[in-house]
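All remarks here apply to the structure that follows.
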Amino acid sequence: MSGKYAADVDLARRCAAGDEAAWERFVLEYRPLLYRAADAIEPGGGARELADALYADLYGLTQRAGERRSLFRYFQGRSSLATWLRAVLAQRYVDRVRERRRFEPLPDDEERRADHRSGTTADPDSTRLVALMEQAVEASVAELDSRDRLRLGCYYVQELTLAETGRVLKEHEATASRQLARTRTAIRESVERRLRQSGLNDSQVADCFAAAASDSGRLDLTRMVSGTERKESAVDRSK
Amino acid sequence: MNNPNEDRDTTIDHLLGSTLKRGARADPAGACLDAETLAAWADDGLDRQERAAVEAHAAGCERCQAMMATLSRAEHAHAAATVVNRPARRFPALAWLIPVTAIAAAMLVWIAVPQRAPTVLHEDPAQAATAVTIPPAAPAAPSSAAEAVTPPAEPEAVQKNSPQREAGRSQLESSNARADQPEALEKQRDDLRAKDAQLADRSAALTSGAAATGSVTADALASNKATTANETVAQKSAAAPAAASPAAARSLRNATASAPGTTIVSSNPGSRWRIVPGGAVQHTADGGSTWETQQTGSTVTLAAGSSPSPSVCWLVGPVATVLLSTDARTWRRIALPEQADLVGVSATDDRTATVSFADGRTLTTTDAGVSWQR
């Protein structure tokens, strides 16, 4: 246990043991903090119910073999109690979003077919080129170091802004921007190299890029598939 | 025509969105981050290897990325709220601006508030025609909201029968009366010179102590100005010629903070303490109309005090003497880890105080003297 957070660990242990005075102090000090975190996670107030449920688990309403089981027993003091509480809240919020996404209905079949007709190219050669591109991109991303991949994930998958991406990586927004640009360039060079290694000449490599750029149908299809995910994304990129 | 590489980078940009989403859906290697690890990652509580492992997992795990992003947003909101509540901690390098701004504000108040009528002091018949104006104490010395000023040491009967604000005038009259007695006046002048020399030495230590505490308010300073103008004018009649110069005025001002006879004014000016020789103090709860003598248990004359509220007062003195009253009646002695003469104290409440040694060192307690930190 880190001595840095010894006071937090002590408070958590006393709360877990049912010390009412400790619990009162905890509520007084941490309830506003937890609500503020909930409001930051979902400004509409949707995360507050998670914060309330968290209180019940922290207090230890559930019992096992006659013993009160408090969530506090999982706090080991590797961080401040406040950060740990926010982490638990973030974990529960993300899991709830993913759970809801699982039950999200798929678009209507007719709508899907219409999207498919309008979006998918009929040119089989173009489809092959785009597939080659995607394979090359996947392989190029896989050879990046984990920090670069995490940055890409925050920006492209979680759709965070540059500032938010920088905060996750603990780097300045401008640094995140520069690193993303550098990584994109590295991926492009790697893709070009891989395409050439697979036997394509410069002209065919250019065709691959052109096919991927004009493959709006496939990209649209991808967006359609991930549309729900985008809508349910935990973090709104525009904020 | 755009640079072809830029066009291709744009294409890569488009492809990354879809490719990474597909890749992130696949189950990554290793278990997802638990809240403990996630929090430690956010608080920089992981070593290099652990951090690398966390980032390696999260790089391919959409769930953990989402948790990191969500936690980051909550942490950011918390940090923003902390900045609003505690701007000085957010920018510790600018903390020095607080006392500087307070001093500047006090100077403005000093200039803006009309000066009192100059006091004319007559030392002896030969000097009766010479009028000397003693400048009011300038705003720099007090180290807390409660300031210390030095009234004249008055006989008990005088203290009880005349209001505090009349003390200066009484002393002035007394001084004028003594002007007819050259020998007595000469003796008083010598005594005051000796005191001034002693107090000038203490003032240097006080100044460094006050600088260490760094909490000066404009109100306190303004109050200091007014009270000092009221209460210290007559006492320093012998030193008046010297006080006409800025350096002498500074010396005079600092001296008032620690001499026996020091008055400690609380946040409510009606409640004050006055240090008297022999370790006792006097307290007034009615702005100086009546004074009650209190025994503190100390036998040495105390040096300075600080009263952050009407019922709380800290006193310090020689040989590590620290006394605290929380009811404005009784005093308890507080142990100090170092045995040396104390010359100043600055308190913010009944638990938090900073004491200053004569050599400029300071000790701070935040638990009513149970422990002290440098």
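The values are calculated or read from the model by the stated rules, or taken from the named source; none is laboratory data. Being a predicted model, the structure only gives us computed values, none of them experimental. Virtual Cβ from ideal backbone geometry, glycine too; neighbours counted across all protein chains shown.
Things to note:
- Within region A:61-73, being surrounded by fewer than 14 Cβ atoms within 10 Å (Cβ to Cβ) and either modelled with pLDDT of 90 or more or in a loop (DSSP other than H, G, I, E, B) (or both) holds for A:Leu61, A:Thr62, A:Ala65, A:Gly66.
- Conditions (1) more than 23 Å from the chain's Cα centre (by Cα); (2) buried (at least 16 other Cβ atoms within 10 Å of the Cβ); number of the one not met by B:Gly297: (2)
- Qualifying residues in region B:300-312 (those that are farther than 13 Å from B:Val343 by Cβ and touching a residue at least 60 places away in the same chain (Cβ under 8 Å)) - the one surrounded by the most Cβ atoms within 10 Å (Cβ to Cβ): B:Ser307
- Screening region B:1-43 for residues that are at pLDDT below 75 and aliphatic (A, V, I, L, M) and picking the one that is surrounded by the fewest Cβ atoms within 10 Å (Cβ to Cβ) gives B:Met1.
- Restricting attention to region B:45-56, the residues that are at the interface with chain A (Cβ under 10 Å from one of its Cβ atoms) and either surrounded by fewer than 21 Cβ atoms within 10 Å (Cβ to Cβ) or outside any helix (DSSP H, G or I) (or both) total 7.
- Test: residue in region A:80-90 that is surrounded by fewer than 16 Cβ atoms within 10 Å (Cβ to Cβ), modelled with pLDDT of 85 or more and in contact with a helix residue (DSSP H, G or I) (Cβ under 9 Å, 6 or more places away or on another chain): no
- Of residues in region B:262-278 being surrounded by 21 or more Cβ atoms within 10 Å (Cβ to Cβ) and of a type outside the set (Val, Ile, Thr), the one farthest from B:Leu323 (Cα to Cα): B:Ser271
This table checks each residue for (1) exposed (fewer than 15 other Cβ atoms within 10 Å of the Cβ); (2) without any contact (Cβ under 8 Å) to a residue 12 or more places away in the chain; (3) hydrophobic (A, V, I, L, M, F, W, C); (4) within 14 Å of chain B (Cβ to nearest Cβ).
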{"residue": "A:Cys15", "(1), (2), (3), (4)": "no, no, yes, no"}
{"residue": "A:Trp23", "(1), (2), (3), (4)": "no, no, yes, no"}
{"residue": "A:Arg31", "(1), (2), (3), (4)": "yes, no, no, yes"}
{"residue": "A:Tyr35", "(1), (2), (3), (4)": "no, no, no, yes"}
{"residue": "A:Ala38", "(1), (2), (3), (4)": "no, no, yes, yes"}
{"residue": "A:Ile41", "(1), (2), (3), (4)": "no, no, yes, yes"}
{"residue": "A:Glu49", "(1), (2), (3), (4)": "yes, yes, no, no"}
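- Taking (1) at pLDDT 90 or above; (2) part of a helix (DSSP H, G or I); (3) more than 17 Å from the chain's Cα centre (by Cα) in turn, A:Glu171 satisfies each apart from (2).
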